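> First the structure, which I've put down as structure tokens, then a few questions once you've had a look.
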Amino acid sequence: MIIDHPLVRVKLTRLRSVETSTAEFRRRLTELATLMAFEVTRDLSTRIHPVMTPIAPYEGAMLARPVVLAPILRAGLGMVEGILQVLSDAAVAHIGLARSEETHEPHSYYFKAPLNLAAADVIVTDPMLATGGSAVAAITQLKAEGAKTIRFMCLVCCPPGIARLQAAHPDVPIFTAAIDPELDSRAYIVPGLGDAGDRYFGTVG
Ligand code: PRP
Ligand code: URA
């Protein structure tokens, strides 16, 4: 699903610009993650939660299941703070994957997730879905640890990445701010926004 909102388009344009500083890149990525979290969580189940107002009893709502955020390191970490603004009690898993510059395939260097994955709604975050290799590997690891209900949230993706992720994990909905046309010879998204991890962590060049 494309999250097409004027504020999302405007903030994503700032992320794409080569002139955007590391400080602004961080700020905009956090803001985008907060905005997108509303759509990504729209169909989370709730259950009745009775409270007493100062005036009378009220049958309110609470989330039915715990939420686990699962950022793909490094760049996915940049989306966590923004989502926690509206889901402050979510647990956070860490999935360490790095793409080989030669093969463009990811290799795993770290995985740590809470024990309650099977009972949780899991939101995998990564700004970029390029070849799809990292997203597929992350979700495969999460399922092997018991996760059953998983959403994938990114900022920019492209047709090859969508096709690979949907083929490997057809049960996982994809939420994105944009679908760009293609990959270049280094498997970067065109026009994309460059290397998201390097831009967020200030390790460009
Ligand atoms: C980038 C990005 C994704 C992955 C996308 O991470 O953040 O995780 O590449 O590419 P794919 O869809 O082709 O797998 P990278 O491996 O460069 O690591 P980094 O975030 O640590 O820079
Ligand atoms: N990883 C990125 O950070 N950007 C791309 O365009 C592709 C992979």
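The values are calculated or read from the model by the stated rules, or taken from the named source; none is laboratory data. All values reported here derive from a predicted model rather than from experimental measurement. Ideal geometry is used to build each Cβ from the backbone, glycine not excepted, and the neighbour counts take in all protein chains shown. Areas reflect the complete protein model, heavy atoms only, side chains present, ligands, DNA and RNA absent. Shrake-Rupley method; radii C 1.70, N 1.55, O 1.52, S 1.80 Å.
> Kirkwood-based Rg over Rh for segment 110-205 (C-alpha set), two decimals?
0.99
> Still on this model: Taking the chain on its own, what percent of its Cα-Cα pair distances exceed 28 Å?
In whole percent, the long-distance tail amounts to 26.
> Can you give the accessible area of Met1 in Å² (nearest 10), computed on protein heavy atoms with a 1.4 Å probe?
For Met1, the solvent-accessible surface is approximately 110 Å².
> Among all the aspartates and glutamates, which ones have a C-alpha under 19 Å from Lys112's C-alpha, if same-chain residues fewer than 8 places away are not counted?
Qualifying aspartates and glutamates at Cα under 19 Å: Glu81, Asp89, Asp121, Asp126, Glu145.
> May I ask you to derive the FRET efficiency for Ala23 and Asp195 from their Cβ-Cβ distance with R0 = 25 Å, giving the value to the nearest 0.05?
Efficiency, rounded to the nearest 0.05: 0.90.
> Moving on to the next point. Residues in segment 122-166, backbone N under 16 Å from the label point at His94 (7 Å along the Cα-to-beta-carbon vector): list them, ranges by number please.
125, by backbone N distance to the label point.
> Let me ask you something else. Using a simple spin-label model with points 7 Å from Cα along the Cα→Cβ vector, what separation in nm is obtained for Leu44 and Thr103?
Modelled inter-label distance: 3.7 nm.
> Ignoring ligands, DNA and RNA, what percent of the accessible area of segment 39-105 is carbon or sulfur (1.4 Å)?
Roughly 55 percent of what the probe reaches on segment 39-105 is carbon or sulfur.
> Test of understanding: given the chain, find the longest segment containing no GluC sites (Glu not before Pro) that are in a DSSP loop and have at most 10 other Cβ atoms within 10 Å.
Here the longest segment lacking exposed loop sites spans 103-205.
> Counting Lys +1, Arg +1, Asp -1, Glu -1, what net charge surrounds Tyr200 among other residues with beta carbon under 13 Å of its beta carbon?
Here the charged neighbours net out to 0.
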